[in-house]
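Undergrad: Below are the structure tokens for one structure; questions will follow.
Computed from the coordinates by the stated procedures, all read-outs in this text should not be read as laboratory data. Everything numeric in this text was worked out from a predicted model, so none of it was measured. Every residue, glycine among them, receives a Cβ derived from its backbone with ideal geometry; neighbour counts consider all protein chains shown.
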Amino acid sequence: MWQIDEDALVSISIGAGILGTGGGGNPYIGMLRARELVREHGPVDVLDLDELPDDSRVICVGGMGAPTVGVEKVRGTESYRAVRAIEKHTGERATALISGEIGGSNSLEPLIPAALARLPVVDGDGMGRAFPELQMTTFFIYGIPPTPSAVCDEKGNTAIIEDAVSPTWVERMARAVTIVMGCAPVFAFAPMSAADVRRTAIPGTLSLAKSLGEAVRRAQREKGDPVEAILTTVPGRVLFQGKIVDVERRTTEGFARGRVTIDGMGDDAGAQLVVDFQNENLVAHRDGALIVTVPDLICIVDAERGEPITTELLRYGFRVSVLGFPAPPLLKTPEALAVVGPEAFGYEAAYVPLEPRATP
């Protein structure tokens, strides 16, 4: 067991912003929200999967909606209300909380109800990155029931989805509610057993986010190369380096959709990279040729500072490094690729796993 204090929050927000592949909500805003509650209630305990008591009841929480809205419409303690709504509906009390995705502010969202209810959080999540839709969590891919679920907004509204024929239908219904609620509510799902969490969660992702953030901060302090520090912490590779020359972005159907175009610099001079996103970065084309697809991670960071640039903050003129990381193994099985592979997002392309750079 370890604890998340104020310093750890800063590191996790940076690391989760990198792992979030551009989505998951603005990590800085998430850090500020969690910091206020950690200051008031003290550090939050973090449990490894094997530290969960066998009789645990673990509730998954997170935010829904478009990052373009979430960066302006800052959430409060809605996730605490969502947890209490699920407890009331099921008659079961949560003993721990877990994030639906390690990306962005969603990595920190469980800390809000955890601090208020004095509960631990689990060192893991349901994606190992961020994805735009609820059915894309490993919990649901590997058979955890998606209902009952709760969606809460900042106004005091709560919607309970009691039954659904599939996780995709939960996403459809929750997305409709999300749009009505203003595109920035939170969700919570029915309690999971310790055995189910151990079987379906991607382990150690909070620790990984913290280590990534610490590596970037250390490189900044010591005037080192933060991109190299990232790749030393997580096996991956530099896909492209350049300057953002165009951003197409629109908020529609509860998502931020679009693409970013990057002109190459340095070794990539004369080339161009285009990254499509739906909240998160999905596919990357270099000079028209597809080079990386979901579920592998496509992460855009500031070229000098190594800090993540989420899709709602992409701007013309930014000098960036585009990094690629292999997806966790639980996302690369046939049943997972049917839900989170390129074809699930409408791309007529087979998934080809990304290989990290060769170690010297």
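Undergrad: Rounded if a/c is under 1.5, else prolate if a/b beats b/c, else oblate: with a ≥ b ≥ c from the C-alpha gyration tensor eigenvalues square-rooted, which is segment 88-170? The partial results should precede the final answer.
TA: Working: a/c = 1.45, a/b = 1.07, b/c = 1.35.
Verdict is rounded for segment 88-170.
Undergrad: Another question, if that's okay. Relative contact order for the chain using alpha-carbon pairs under 8 Å, separation at least 6, rounded to a whole percent?
TA: With pairs under 8 Å counted, the relative contact order is 20 percent.
Undergrad: Separate question: Which residue fluctuates the most in the chain, going by a Gaussian network model with Cα springs under 10 Å, if the choices are Gly22, Gly182, Gly103?
TA: Gly182
Undergrad: Just to verify a number: FRET efficiency for Glu304 and Thr90, C-beta to C-beta distance, R0 = 35 Å, to 0.05?
TA: Here the calculated transfer efficiency is 0.10.
Undergrad: Taking only Cα atoms of segment 2-203, what ratio of Rg to Rh do you get with Rh as the Kirkwood inverse-distance radius?
TA: Values: Rg = 14.9 Å, Rh = 16.2 Å.
So for segment 2-203, dividing Rg by the Kirkwood Rh gives 0.92.
Undergrad: Let me spell out the model: positive unit charges on the Cβ of Lys and Arg, negative unit charges on the Cβ of Asp and Glu, origin at the Cα centre of the chain. What dipole size does that give, in debye rounded to 20? Kindly include the intermediate steps, with their values, before the conclusion.
TA: Details: 34 positive and 48 negative charges, 116 e Å.
It works out to roughly 560 debye.
Undergrad: Under a plain spin-label model, where a point goes 7 Å from the Cα along Cα-to-Cβ, how far apart in nm are Asp7 and Ile179?
TA: 4.7 nm
Undergrad: What value in Å³ per residue do you get for the convex hull of the alpha-carbon atoms in the chain?
TA: Taking the convex hull of the Cα positions in the chain, it is 126 Å³ per residue.
Undergrad: By a straight-distance test (C-alpha under 18 Å), which lysines pair with Lys73 as possible cross-link partners, with residues fewer than eight away in the same chain excluded?
TA: The qualifying lysines are Lys155.
Undergrad: From the convex hull of the Cα coordinates of segment 55-135, what is the mean projected area in square nanometres? Can you show the working numbers first?
TA: Details: hull surface 22.3 nm².
Seen from a random direction, the Cα hull of segment 55-135 projects 5.6 nm² on average.
Undergrad: Take the Cα atoms of segment 110-214, build their convex hull, and give its volume per residue in Å³.
TA: About 121 Å³ per residue, rounded to a whole number.
Undergrad: Moving to a separate point now. When only C-alpha pairs under 8 Å and at least 6 residues apart count, what is the relative contact order of segment 2-203, in percent?
TA: Computed over segment 2-203, the figure is 30 percent.
Undergrad: If each of Asp48 and Asp287 carries a label point 7 Å out from its Cα toward its Cβ, how far apart are those two points in nm?
TA: Distance between the two pseudo-spin positions: 4.7 nm.
Undergrad: Picking from Ile244, Ile12, Ile98, which is most flexible by a Gaussian network model of the chain using Cα springs under 10 Å?
TA: Ile244
Undergrad: Post the alpha-carbon centroid distance, segment 153-219 to segment 11-40, in whole angstrom.
TA: The two parts, judged by their Cα centres, are 15 Å apart.
Undergrad: A further question follows. Could you give P(r) for segment 233-345, binned at 5 Å from zero, as whole percent values over all Cα-Cα pairs?
TA: Going out from 0 Å in 5 Å bins, segment 233-345 shows 2, 12, 22, 25, 20, 12, 6, 1 percent.
Undergrad: Here's a follow-up. In the Gaussian network model of the chain, springs joining C-alpha atoms below 10 Å, which of Arg257, Arg319, Arg218 carries the largest mean-square fluctuation?
TA: Comparing Arg257, Arg319, Arg218 in the GNM, the peak value goes to Arg218.
Undergrad: Could you tell me the calculated FRET efficiency between Glu348 and Trp169, based on Cβ-Cβ distance and R0 = 22 angstrom, to the nearest 0.05?
TA: Numbers: r = 25 Å, r/R0 = 1.15.
The calculated FRET efficiency here is 0.30.
Undergrad: Turning to a different aspect of this structure: Order by neighbour count: Met136, Met173, fewest other Cβ atoms within 10 Å first, most last.
TA: Values: Met136 27, Met173 17.
Result, fewest neighbours first: Met173, Met136.
Undergrad: Also: What value in Å³ per residue do you get for the convex hull of the alpha-carbon atoms in segment 1-113?
TA: Hull volume normalised by residue count: 103 Å³.
Undergrad: In addition: Okay, which of segment 61-104 sit inside 13 Å, backbone N to the point 7 Å along the Cα-Cβ direction of Lys155?
TA: Inside the label zone: nothing.
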